[in-house]
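K.L.:
I'd like to ask some things about the structure below.
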Amino acid sequence: MEPAMIRNIDEMLHKAAEYGTRAKIAVACAHDCEVLKAVGKAQKRGIGTFLLVGNGTRIKSLSETLGVRVTGCSVVEAEGEADGAAQAVELVASGEAHVLLKGFLDTGVFLRAVLNKETGLVNGDMISHTVLMDMPAADKMYFLTDAAMVIKPSLEEKRKIILNALRVTSALGLENPIVGVLAESEKVNPKMQATMDAQALKDMAAQGRIPGCRIGGPYALDNAISPKAAQHKDMDDPLAGHADILLAPDLAAGNILYKGLMYFAGSKAAGAIVGTRAPVVLNSRADTDETKLNAMALGVLMAAERGLL
């Protein structure tokens, strides 16, 4: 199936259901209420089949307590977080599953299994994180990167982070998106490295080193997403105010913006690690079952776009 332009999370969930049970999702440490509720909701929508790795007794008990039917799910017994992560990664590495979902375990333990050079899902590409945000006040989704992986990206790493984000937008049918490079100001200032990087990234795009998108910046957040703000500042930039992808200057800024949009603005979200051999869905243990469901759907569409289904 060719990806169609997807404008919101509801459309994404509907599209993911078109792949039905072909999509197999391995869940590392699935013995958690929010994870199992998300699995139940996915099954009701017809999204995927599941390989639940973790404490089988707890998975069964929690499912019964929650009234969640995990029919058709395979349960893979694992002892502890490290074993749960390793077994779930192996299921994806072997091709038995197409998407890897983080369940109830420490992110560091999960990532060590994913990034293991011998048994993990690395292939030599840059690894970064992209999250899509569906905000009640906006008329489209925004893609924010990187909010979870790369702490202080260099200029070259920012170039690769953009290329990774384009894999996510491609899976949702968004062609030639506008990348807004965020900084403290919309003016290039040698004392502000993020503004200097923005200019350099635009130069790279002009040289054909970042194909498949248009790059604008530096932008403060307001003139990245608001045409009125850009006009008010008399910005002579046709891309200003129209960003689709928001490139954060560093992880701190990206993570704060991401969680601020969720908790203050009521945004729906779905995030994934990009650059691995198969889609890896990275959630916080505090995320709701809805957010985990959204991430599953994103993972399915990414797997489909890569021809894994």
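K.L.:
Would you mind getting the accessible area per residue of the chain, heavy atoms of the protein chains only, 1.4 Å probe, in Å²?
P.N.:
44 Å²
K.L.:
Oh, and also: Given the stretch 88-132, what whole percent of its Cα pairs are spread farther than 17 Å?
P.N.:
35 percent
K.L.:
Ok, one more. Between Rg and the Kirkwood Rh of the stretch 163-309, both from Cα atoms, what is the Rg to Rh ratio?
P.N.:
0.99
K.L.:
On to the next question. Report relative contact order for the chain in percent, whole number only (criteria: Cα-Cα under 8 Å, sequence separation at least 6).
P.N.:
Here the relative contact order equals 23 percent.
K.L.:
Need the list of aspartates and glutamates near LYS259 for cross-linking: C-alpha distance under 14 angstrom, and skip anything on the same chain fewer than eight residues off.
P.N.:
Result set, ordered by chain and number: ASP134, ASP146, ASP287.
K.L.:
Summarise the accessible area of the chain (1.4 Å probe, protein heavy atoms) by the percent that is carbon and sulfur.
P.N.:
Carbon with sulfur: 51 percent of the solvent-accessible area.
K.L.:
Another question, then. Cross-link list LYS140/LYS233; LYS15/LYS117; LYS191/LYS228; LYS24/LYS60: which exceed 29 angstrom alpha carbon to alpha carbon?
P.N.:
Long pairs (Cα-Cα over 29 Å): LYS15/LYS117.
K.L.:
Something else about it: With N set to the number of residues, divide the alpha-carbon radius of gyration of the stretch 1-156 by 2.2 N^0.38 Å and report two decimals.
P.N.:
It is 1.12.
K.L.:
Further question on the same structure: In whole Å, what are the Cα extents of the stretch 147-221 along the three principal axes, biggest one first?
P.N.:
Between the extreme Cα coordinates on each principal axis of the stretch 147-221 lie 37, 27, 22 Å.
K.L.:
Contour minus end-to-end for MET196 and ARG69, with contour as 0.36 nm per residue of separation and end-to-end as the Cα-Cα distance?
P.N.:
40.4 nm
K.L.:
Next question, about the same structure. How large is the translational diffusion coefficient of the chain in µm² per second when you combine the Kirkwood radius over alpha carbon pairs with Stokes-Einstein at 4 °C and 1.567 mPa s?
P.N.:
In µm²/s, the coefficient rounds to 66.
K.L.:
Moving to a separate point now. Enumerate the amide H contacts of HIS129 below 5 Å, restricted to partners 5 or more residues apart or on another chain; note that Pro and chain-start residues carry no placed amide H.
P.N.:
ALA147, ALA148, MET149, VAL150, VAL274
K.L.:
In deg cm²/dmol and to the nearest 500, what is the mean residue ellipticity at 222 nm of the chain if only DSSP H runs of at least 4 residues count, each as -39500 (n - 2.57), divided by the residue total?
P.N.:
Helices in the chain give a 222 nm mean residue ellipticity of -12500 deg cm²/dmol.
K.L.:
Further question on the same structure: Along each principal axis of its Cα atoms, how long is the stretch 186-257 end to end? Whole angstroms, biggest number first, please.
P.N.:
That works out to 31, 28, 25 Å along the principal axes.
K.L.:
Moving on to the next point. What residues qualify as long-range amide H neighbours of VAL75, i.e. H under 5 Å apart, gap of 5 or more or another chain, H built at 1.01 Å from N?
P.N.:
HN-HN under 5 Å from VAL75: LEU52.
K.L.:
Follow-up question, since we're still on this one. Over all alpha-carbon pairs of the stretch 51-134, lay out the pair-distance distribution in 10 Å bins, whole %, shortest bin first.
P.N.:
So the P(r) values, bin by bin, are 16, 44, 30, 10, 0.
K.L.:
Quick one: how many Å² of GLU81 are accessible to a 1.4 Å probe, rounded to 10?
P.N.:
For GLU81, solvent-accessible area is about 70 Å².
K.L.:
For a quick check of your reading of the filter: which trypsin sites (Lys or Arg not before Pro) in the stretch 229-293 sit in a DSSP loop and have no more than 10 other Cβ atoms within 10 Å?
P.N.:
Filter output for the stretch 229-293: empty list.
K.L.:
Same structure, new question: How do TYR258, TYR263, TYR219 stack up against each other in accessible area, from largest to smallest, with a 1.4 angstrom probe?
P.N.:
TYR263, TYR258, TYR219
K.L.:
For the ranges 22-28, 42-48, 136-142, what's the packing order if you count other beta-carbon atoms within 10 Å of each residue, average per peptide, and put the highest first?
P.N.:
22-28, 42-48, 136-142
K.L.:
Please work out the Cα center distance from the stretch 82-157 to the stretch 1-60, rounded to the nearest Å.
P.N.:
If you average the Cα positions of each part, the centres end up 16 Å apart.
K.L.:
Separate question: Let me know the volume per residue of the alpha-carbon convex hull for the stretch 77-227, in Å³.
P.N.:
149 Å³
K.L.:
Still on this structure, I have one more. Could you tally the net charge around GLY40, taking each other residue with its Cβ under 15 Å from the Cβ of GLY40, Lys/Arg +1 and Asp/Glu -1?
P.N.:
Summing Lys and Arg as +1 and Asp and Glu as -1 gives +2.
K.L.:
Which order do THR119, THR107, THR195 take when ranked by solvent-accessible area (1.4 Å probe, heavy atoms of all protein chains), largest first?
P.N.:
THR119, THR107, THR195
The values are calculated or read from the model by the stated rules, or taken from the named source; none is laboratory data. Being a predicted model, the structure only gives us computed values, none of them experimental. Don't worry about glycine lacking a Cβ; one is built from the backbone with ideal geometry, like all the others, and counts go over all protein chains shown. Heavy atoms of the whole protein, side chains included, go into the accessibility calculation; ligands, DNA and RNA do not. Shrake-Rupley method; radii C 1.70, N 1.55, O 1.52, S 1.80 Å.
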